[in-house]
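Student: Structure incoming, see below.
The values are calculated or read from the model by the stated rules, or taken from the named source; none is laboratory data. Not measured: the values here are computed from a predicted model. Glycine also receives a Cβ, built like all others from the backbone with ideal geometry; neighbour counts cover every protein chain displayed. What goes into the accessible areas is simple: the full protein's heavy atoms, side chains included, and nothing from ligands, DNA or RNA. Shrake-Rupley method; radii C 1.70, N 1.55, O 1.52, S 1.80 Å.
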Amino acid sequence: MARQTNTLFLEQWLRTNIGGISYSVSGHSSLSTSSSSARAIIQAWSEIRDSLQNQTFNPLILQSLKTLLNSQASLHVADPQAKLLLSVLSSRSYDLPSESYPILLRLLYIWVRKSFRPSTVLIDSAVDVLSHVFATEFGLKKSPSFLAEGILILGAISFVPSVSESSKIACSELLCRLLEEDYELVRLGEEIIPDVLAGIGYALSSSVDVHFVRVWDSLLGMWGKEDGPRSTVPTALMILHLVEWVVSGCIKSRSLKKIEAFSQQILGTSKASYVPFALVMVAAGVLRASRQAANGQGLEFVSRLRISAENQIAFVAQQLVSETKGFINSDNDPANSLLRQCLSLALARSGAVSFTAPVLLCLASALLREIFPLSHLYMQILQFIHSSGSEFDTNEIKRHLDSTLFKEAGVITGVFCNQYVSADEESKSLVESLIWDYCRDVYSGHRQVALLLRERNNELLVDLEKIAESAFLMVVVFALAVTKQRLNSNFSQEIQREKSVQILVSFSCLEYFRRMRLPEYMDTIRRVVACVQENESACISFVESMPTYVDLTTWQDFSSKQKMGYEWSKDEVQTARVLFYVRVIPTCIERLPAHVFRRVVTPAMFLYMGHPNGKVARASHSMFVAFMSSGKDFKDERVSLKEQLVFYYMQRSLEGYPDITPFEGMASGVAALVRHLPAGSPATFYCIHSLVNKANNLLSDANALKADDWKNWQGGPEPCKKILELLSHLISLVDIQVLPTLMKSLAQLIIQLPKTGQTMVLNELYAQVAESDDVTRKPTLVSWLQSLSYLSSQAKMEVFTSKEREGKENSASSGTVEPQARL
């Protein structure tokens, strides 16, 4: 809250309230950080005094003035020194250089603001001198800094309580004339805007109100003049806090006459000369001041003032909506862009206001076009790349990331959601559609830009994704507000399901930008998934929003050259979206008809089983597991589809194993299908056959290598060992009709292993059977293992005998006789 008693230099306070936006300021228009020694300050005053006594202007005087200016943060100008400065200003013995006037005025300003009670006689004298200077010198030596320092000192004098009313009126009159006649100088030196606004603030807080409305007219009107100062966000923010400072002072001093005039003539009427962005910031400043005052004092006139301010914001918003007609996508007017930014910042800094539809729509437009302008940036980047092929200038995006508007996105989102909660049904539906459409646009645009920039300008892509990540947070917060408003007993189940599907689809579009675990995100997901999974039509609606196989593997908007080079597995934005579906669909798969799963889900599931990212491939296998585990009734079409899918599942999994297919994913899929297919299903036999063939191929490759680590099973080929482990595990899972085939195939594989491998596999099988409590298959397995052990020992004996015979033959051929082998 701005407290006038604690604000020594108003222009300084304004600069600190523009949210980190730096104003480049001249040496004499802001408090400098450099400082001179006490000896230098004394010497400077002495030189000025000597020059005045000698009636000659020494060029060193200008340097003396600068020395004092550099120490203004700690400098105290007493009445005698002020008198000296006034004498220099009014002296006719020499002609002061133009550069000296702003410094002299700044030093007088320090005197007025730092003096506890400046001499009223000296103040009256200062007013006469200033009037003379601006009447005779300003016209010839005018400059932006001269104007700013003049407005600042005139406003400061009119703010001093002890100054005579006539002097205050004279200062206000001269200040108004400068603003009305020389406002164009502000455009030439925009670094002086804080000083000009501070002078206006002092004048508006003066105890006299003769020119009160006239000063307001200048403040609200000069930005709209053709040669007036530019309208910018930093300027708007300073206007907001200036008004907060002025109005808080009026409320504290109970200046009811000023408040009444302000409420009726400024907020209550809209003059054609008033610029909309300035009106909005004025109203926001009033809201900030009135909120603090109402909390502390509960004054009735404060409530009326607040209502007037809210009405003014709603009026400007309504004008903007009426003027732009479809403003979300088609309005490119810079003035409207600034107004949207100012509306959002005004509401962010002034707190909650009553709901109006235009304000809600303007906030939505500001979020989507100004704060997170991704669609606009994507269009610019794509046009730039296709037209010139050179690098896009990243400075625009970096400036946006550093802007106050972007940094206050979270607060603006909160205001937007508060407005949404209070909105009528029509307005709610409208902004919901805008947000959901925006999510789809971001998905489409970022896909293109990411694929084009990935190898050529990663820095630009990183900056874009910083904006997109914040946009994702905005959507999450809004979606949570939607769930709280829509998913309750006040709405039909159909509406609840529709909103839930919309949220899920929107989240899928922005999944690539989810870089952290958010409680709001998890809460929203739980709510909407719980709603969707209860209804078949909702499940179908969500699943059918998934990109088709053609969409996943091609990109129609690319040129033919780029289209030839498109690789679906490198499309990270698309992969993230598909991964979202793959994770969510299992939660509602019980309600999903088999024909929909076949038509929509199966192509993407099998495609992404071959994705080089293990996390993505495992998720696709988990999808297969979920489907195989769903539907316990063996009499519907789901069983038929399960059996059909197994054949391609095994082909797809094993052709990518071990290079791409993650073993854990494939193992879970195989375990699920043998558990959930009907007993004796041909698909189960095919699964066993495929695994055995793959193991045989891997064994053949290992045998061909004839490596020492193959003979030593401890260092044997891991892919082959894992498939053998899987087949061994299946003897406890497959149904009795399939078990004999599995045992026969597994025995044939084990016999081919090196003796160390055979021993280890048999030991593992013995342990597995020993722990089993399946009384049906255990006797069969025990008998099988005994036979397998015998066959294994016979195979070892044959190998041993073969080696002995080979040794004897070698000895005979070399003329030596080996000793008889000891049995």
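Student: Name every residue in the stretch 61-93 that is among the β-branched types (Val, Ile, Thr) and either touching a strand residue (DSSP E or B) at 6+ places or on another chain (Cβ under 6 Å) or part of a loop (DSSP other than H, G, I, E, B) (or both), in order of residue number. Please lay out each step first, then the result.
Tutor: Taking the stretch 61-93 first, the residues among the β-branched types (Val, Ile, Thr) are 61, 67, 77, 88.
Matches in the stretch 61-93: Val77 only.
Student: Gln53 passes all but one of (1) assigned to a helix (DSSP H, G or I); (2) surrounded by 14 or more Cβ atoms within 10 Å (Cβ to Cβ); which number fails?
Tutor: Only one criterion is unmet by Gln53, namely (2).
Student: May I pose another question? List the pairs whose first member sits in the stretch 582-611 and is open to solvent by 10 Å² or more (accessible area, probe 1.4 Å), whose second member is of a type outside the set (Phe, Trp, Tyr) and in a loop (DSSP other than H, G, I, E, B), and whose Cβ atoms are under 6 Å apart, counting only residues at least 6 apart or on separate chains?
Tutor: That search, which allows pairs on different chains as well, returns Thr587/Gln533; Glu590/Ser630; Val600/Met546; Gly610/Gly656; Gly610/Ile660.
Student: Those residues that are assigned to a helix (DSSP H, G or I) and more than 20 Å from Arg440 (Cα to Cα), I need them from the stretch 530-547; list them, please. Walk me through it before giving the result.
Tutor: At the first step, the residues of the stretch 530-547 found to be assigned to a helix (DSSP H, G or I) are 530-532, 536-544.
Those that are assigned to a helix (DSSP H, G or I) and more than 20 Å from Arg440 (Cα to Cα): Ala530, Cys531, Val532, Glu536, Ser537.
Student: Yes or no: the stretch 396-408 includes at least one residue that is within 25 Å of Leu504 (Cα to Cα) and at pLDDT 95 or above. Break it down into steps so the answer makes sense when it comes.
Tutor: In the first step, residues of the stretch 396-408 are kept if they are within 25 Å of Leu504 (Cα to Cα); the result is none.
No, the stretch 396-408 contains no residue that is within 25 Å of Leu504 (Cα to Cα) and at pLDDT 95 or above.
Student: Next up: Yes or no: Leu460 open to solvent by 30 Å² or more (accessible area, probe 1.4 Å), closer than 20 Å to Ile371 by Cβ and either touching a Leu at 6+ places or on another chain (Cβ under 9 Å) or not assigned by the TED database to the domain that holds Gln574 (or both)? Break it down stepwise before answering.
Tutor: Numbers: open to solvent by 30 Å² or more (accessible area, probe 1.4 Å): no; closer than 20 Å to Ile371 by Cβ: yes; either touching a Leu at 6+ places or on another chain (Cβ under 9 Å) or not assigned by the TED database to the domain that holds Gln574 (or both): yes.
Answer is no for this residue.
Student: Hey, can you tell me all the residues within the stretch 355-375 that are over 14 Å from Phe315 (Cα atoms) and assigned to a loop (DSSP other than H, G, I, E, B)?
Tutor: Across the stretch 355-375, the qualifying residues are Phe372, Pro373.
Student: On to the next question. Would you be able to tell me the number of residues in the stretch 222-242 that are farther than 22 Å from Ser403 by Cα and open to solvent by less than 10 Å² (accessible area, probe 1.4 Å)? Even if it seems obvious, please write down each step before you answer.
Tutor: Quick first cut of the stretch 222-242, residues farther than 22 Å from Ser403 by Cα only: 222, 224-228.
Remaining after also requiring open to solvent by less than 10 Å² (accessible area, probe 1.4 Å): 222, 228.
Within the stretch 222-242, residues that are farther than 22 Å from Ser403 by Cα and open to solvent by less than 10 Å² (accessible area, probe 1.4 Å) number 2.
Student: Restricting attention to helices (runs of 4 or more DSSP H) lying wholly within the stretch 109-169, give those where 2 or more residues are among the hydrophobic types (A, V, I, L, M, F, W, C) and in contact (Cβ under 8 Å) with a residue 60 or more places away in the chain.
Tutor: Values: elements: 120-136, 138-141, 144-159.
The helices (runs of 4 or more DSSP H) meeting that bar are 144-159.
Student: Moving on. Could you check the stretch 231-299 for helices (runs of 4 or more DSSP H) lying wholly inside it with 1 or more residues that are of a type in the set (Lys, Arg) and within 24 Å of Ser158 (Cα to Cα)?
Tutor: Numbers: elements: 233-252, 256-261, 276-297.
Output list reads 233-252, 256-261.
Student: Just give me the residues in the stretch 45-83 being of a type in the set (A, V, I, L, M) and closer than 19 Å to Ser115 by Cβ, in sequence order. So that I can check it myself, show each step before the final result.
Tutor: As a first pass, look at the stretch 45-83 and keep what is of a type in the set (A, V, I, L, M): 48, 52, 60-62, 65, 68-69, 73, 75, 77-78, 82.
Within the stretch 45-83, Ile48, Leu68, Leu69, Ala73, Leu75, Val77, Ala78, Ala82 meet the criteria.
Student: Still on this structure, I have one more. Here is a list: Val475, Val573, Val550. Which entry is closer than 28 Å to Ile385 by Cβ, of a type outside the set (Lys, Arg) and without any contact (Cβ under 8 Å) to a residue 40 or more places away in the chain? Give the steps one after another, and end with the answer.
Tutor: Details: Val475 fails: without any contact (Cβ under 8 Å) to a residue 40 or more places away in the chain; Val573 fails: without any contact (Cβ under 8 Å) to a residue 40 or more places away in the chain.
It is Val550.
Student: Based on what the data block shows, is Leu504 over 18 Å from the mean Cα position of the chain (by Cα) and either assigned to a loop (DSSP other than H, G, I, E, B) or buried (at least 20 other Cβ atoms within 10 Å of the Cβ) (or both)?
Tutor: yes
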